[in-house]
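None of the figures in this text is laboratory data; all of them are computed from the coordinates on show. None of these values were measured; they are calculated from a predicted model. So basically every Cβ, Gly included, is an ideal-geometry build from the backbone, and we count neighbours across all protein chains shown.
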Amino acid sequence: MATALKNLSEYDESTLPDAGEMIFGIVVAEWNARITHALYEGCYDTLLKHGAKEENIHTVQVPGSFELPAGARILAGKHNPDAVICLGCVIKGETNHNEYINQAVASGLVNLSIASGKAFIFGVLTPNDEQQALDRAGGKHGNKGVEAAVTAIRMAALKKDVKEGKRKIGF
Ligand code: RBF
């Protein structure tokens, strides 16, 4: 199944660069904390597993997903991380609030990425209900916090490799 092949929770660990010299920011939304804290654990453990040092991982919690870009900007301004991982969960309700929040977070993070030249990772679940969220926070569809950490490490390594003048990167 195509989606199964894209499930980075089952990534090949041996191909991931070492994160020993990398600095990370993690921003976690408090809304739907049962979900976002599970994403955070998966994310944090994955960074450590690939060599990141605890003192080089800076974490802040913000009230809701809408605040993720602002939290990320504040964190990046202080610690100059190689990548910032933003974790949230916006569950669809009876009104369209989810669309406004998701759109704002996505464009906020991409704007930060473009302006700064470093990766701000979109680790926001956008499920229709809580079960879909649980399935992606350590359930049958893996843990998207793990995937966000893997993406952050890859993008931090990409930046370093480009800077060092490597000619073929990321294959
Ligand atoms: N924040 C989330 O991270 N997930 C949600 O599911 C969520 N649902 C919301 C629903 C409504 C109607 C409102 C007004 C806010 C919601 N928020 C949610 C909070 C939002 O991200 C933000 O913290 C607040 O709107 C304050 O800026």
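List pairs: first residue in region 76-101 and free of Cβ contacts under 8 Å to residues at least 12 places away in the same chain, second residue part of a helix (DSSP H, G or I) and of a type in the set (Phe, Trp, Tyr) anywhere in the structure, Cβ distance under 9 angstrom, at least six positions apart or on different chains. Listed pairs, sorted by first residue: Tyr100/Phe66. Scan region 83-99 for residues that are near the ligand (Cβ under 8 Å from one of its atoms), crowded, with 16+ Cβ neighbours inside 10 Å and of a type in the set (Gly, Ala, Ser) and the total you get is 1.
How about region 114-135: which of its residues are of a type outside the set (A, V, I, L, M, F, W, C), within 14 Å of the ligand (Cβ to nearest atom) and under 17 Å from the mean Cα position of the chain (by Cα)?
Of the residues in region 114-135, the ones of a type outside the set (A, V, I, L, M, F, W, C) are 116-118, 123, 126-132, 135.
Cutting the leftovers down to within 14 Å of the ligand (Cβ to nearest atom) gives us 123, 126-130, 132.
Answer for region 114-135, where residues must be of a type outside the set (A, V, I, L, M, F, W, C), within 14 Å of the ligand (Cβ to nearest atom) and under 17 Å from the mean Cα position of the chain (by Cα): Gly123, Thr126, Pro127.
For Tyr40, state whether it is crowded, with 23+ Cβ neighbours inside 10 Å and touching a residue at least 40 places away in the same chain (Cβ under 8 Å). Considered against the rule, which asks whether it is crowded, with 23+ Cβ neighbours inside 10 Å and touching a residue at least 40 places away in the same chain (Cβ under 8 Å), Tyr40 comes out as yes.
Ser14 meets the conditions (1) in a strand (DSSP E or B); (2) among the hydroxyl-bearing types (Ser, Thr, Tyr); (3) surrounded by fewer than 15 Cβ atoms within 10 Å (Cβ to Cβ) in every case but one. The failed one is (1). Look at (1) under 17 Å from Ala148 (Cα atoms); (2) part of a helix (DSSP H, G or I); (3) near the ligand (Cβ under 9 Å from one of its atoms) and you find that Val110 fails only one, number (3). When Arg136, Arg73, Arg154 are checked against the criterion of being basic (Lys, Arg), out of contact with any His (no Cβ under 7 Å at 6 or more places or on another chain) and farther than 22 Å from Thr46 by Cα, Arg73 stands alone in meeting it. Within region 20-37, the set of residues being within 16 Å of the ligand (Cβ to nearest atom) and closer than 19 Å to Val105 by Cβ comprises Ile26, Val27, Val28, Ala29, Glu30, Trp31, Asn32, Ala33, Ile35, Thr36, His37. Going by the conditions given, is Ile74 within 16 Å of the ligand (Cβ to nearest atom), buried (at least 16 other Cβ atoms within 10 Å of the Cβ) and hydrophobic (A, V, I, L, M, F, W, C)? For Ile74, the condition - within 16 Å of the ligand (Cβ to nearest atom), buried (at least 16 other Cβ atoms within 10 Å of the Cβ) and hydrophobic (A, V, I, L, M, F, W, C) - is not met.
Just one of the listed residues (Glu55, Glu67, Glu41) is among the charged types (D, E, K, R) and in contact with a helix residue (DSSP H, G or I) (Cβ under 8 Å, 6 or more places away or on another chain), namely Glu41. Here Pro81 fulfils each of the conditions (1) in a loop (DSSP other than H, G, I, E, B); (2) in contact with a Ser or Thr (Cβ under 9 Å, 6 or more places away or on another chain); (3) closer than 18 Å to Phe24 by Cα apart from (2). Residues in region 117-146 that are assigned to a loop (DSSP other than H, G, I, E, B) and surrounded by fewer than 22 Cβ atoms within 10 Å (Cβ to Cβ): 8 in all.
Screening region 40-71 for residues that are touching a Phe, Trp or Tyr at 6+ places or on another chain (Cβ under 8 Å) and in a helix (DSSP H, G or I) and picking the one that is farthest from the ligand (Cβ to nearest atom) gives Asn56.
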